[in-house]
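Working notes, structure below.
What follows is calculated from the coordinates using simple rules that are stated; it is not laboratory data. Keep in mind that this is a model prediction, so the values were computed, not measured. Cβ atoms come from the backbone with ideal geometry, glycine included; neighbour counts cover every protein chain shown.
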Amino acid sequence: MIDKIFRILADIDDLKASNPEEFEALRIKYLSKKGIVNSLMSEFRTVSPEQKKEVGLQLNKLKNSLQERINELKKNIENSQEQSTEFDLSRTSYPIALGTRHPLSLVKEEICDIFKRLGFSIAEGPEIEDDWHVFSSLNFAEDHPARDMQDTFFIQSSPEIVLRTHTSSVQTRVMEKNQPPIRIICPGRVYRNEAISARAHCLFHQVEGLYIDKDISFADLKQALLFFTKELFGKDTRIRLRPSYFPFTEPSAEMDISCHICGGKGCNICKHTGWVEILGCGMVDPAVLENCGIDSSIYSGYAFGMGIERITMLKYQINDIRLFFENDVNFLHQFQSAF
Ligand code: PHE
């Protein structure tokens, strides 16, 4: 009998139960009325008096050890059940804190959407460009100041590779590959070698537009820009065009809008003139069309270009262009409700 007791004692640590059913089977096997411990107790009566002390001691030890092991197994099962109830699969998910869209993206989308409604489609191109697409094709004379080191970031001198200074380069690329009608807007990042200040940065964003077809006139340009202005700044906004100069348009103009802060009466924003300048525009110079393989005796067109930073600053009354590039969440969070 003592051997039997020792064998069971040796196996106690190996007893396992991974669920309540297995645990209950073990308990019945060892500790129930008809279990092994009780049957050993009955057998104890038959043990010879000399052995009684030793066998009794081991039998008690067995009983206690089994009880302990079984309690331990019970606790393990309860713990693992508790853990699995931590996963409540029916629970709604934690709220995910959504980021906000950058104000420049918001305004870019808004500008693009307005022109899309007028039938324009989006065209994009590389930020690293060759001289032809940024300058030469667009009628910039060899010694034009915009090519100067002060304005342009040169990457390589021969052949000349630059960071584009305007997205007009995309217009050239599209004209080279497509015949009219062409009606595109070109949003994108541009670079100019300027001292960084509250009003200027060495990188900024533009949306430029181009419409080439038969019989396109300055009146079409003016009408499209008027529509755009009223959509973006409100229907009471007025525009005025002032003669200007760009190498790639003739005639050229700069467009002002009536100051939407003071309604044209005069304030700090419009420097008390009632007007703020927002874009450059003009009729595409026939030489540019010819450079890109478009017959200027059949086709004409208009182009315009604006800085997204400038428009965003006006729209949201932001007084420092550097704020757009600092990624200060206190600034960015102010645009949370916009989309
Ligand atoms: N490309 C000009 C600029 O970057 C803007 C412009 C585009 C002006 C088209 C006239 C016509 O300043």
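Considering only beta bridges that DSSP places wholly inside the chain, some 95 percent are antiparallel. Counting only whole DSSP H helices of the chain, the ones at least 18 Å long by C-alpha along their axis and with mean Kyte-Doolittle hydropathy no lower than 0.5 are 218-233. Among 239, 70, 111, the largest mean-square fluctuation in a Gaussian network model of the chain, built with springs joining Cα atoms closer than 10 Å, belongs to 70.
List residues of the range 193-215, by number, whose backbone nitrogen lies under 14 Å from a label position 7 Å along Cα→C-beta of residue 151. Under cut-off, by backbone N: 193-194. If contacts are Cα pairs under 8 angstrom and at least 6 residues apart, what is the relative contact order of the chain in percent? In percent, rounded to a whole number, it is 15. Listed as lacking a disulfide-compatible partner in the chain: 112, 186, 202, 281, 292, by the criterion of no other cysteine Cβ under 4.7 Å. With a simple spin-label model that places each label point 7 Å from the Cα along the Cα-to-Cβ direction, the separation between residue 13 and residue 219 comes to 10.1 nm. Once both labels are positioned 7 Å from their Cα atoms along Cα-to-Cβ, the gap between residue 236 and residue 91 label points is 5.3 nm.
Computed on the range 266-336, with alpha-carbon pairs under 8 angstrom and 6+ residues apart, the relative contact order is 23 percent.
Note on residue 271 and residue 143: with the Förster distance fixed at 30 Å, the Cβ-Cβ geometry gives a FRET efficiency of about 0.35.
Available extension along the chain between residue 124 and residue 68 is 12.6 nm, counting 0.36 nm per residue and deducting the alpha carbon span.
Ranked by the mean number of other Cβ atoms within 10 Å of their residues, highest first, the peptides 298-305, 273-280 come out as 298-305, 273-280.
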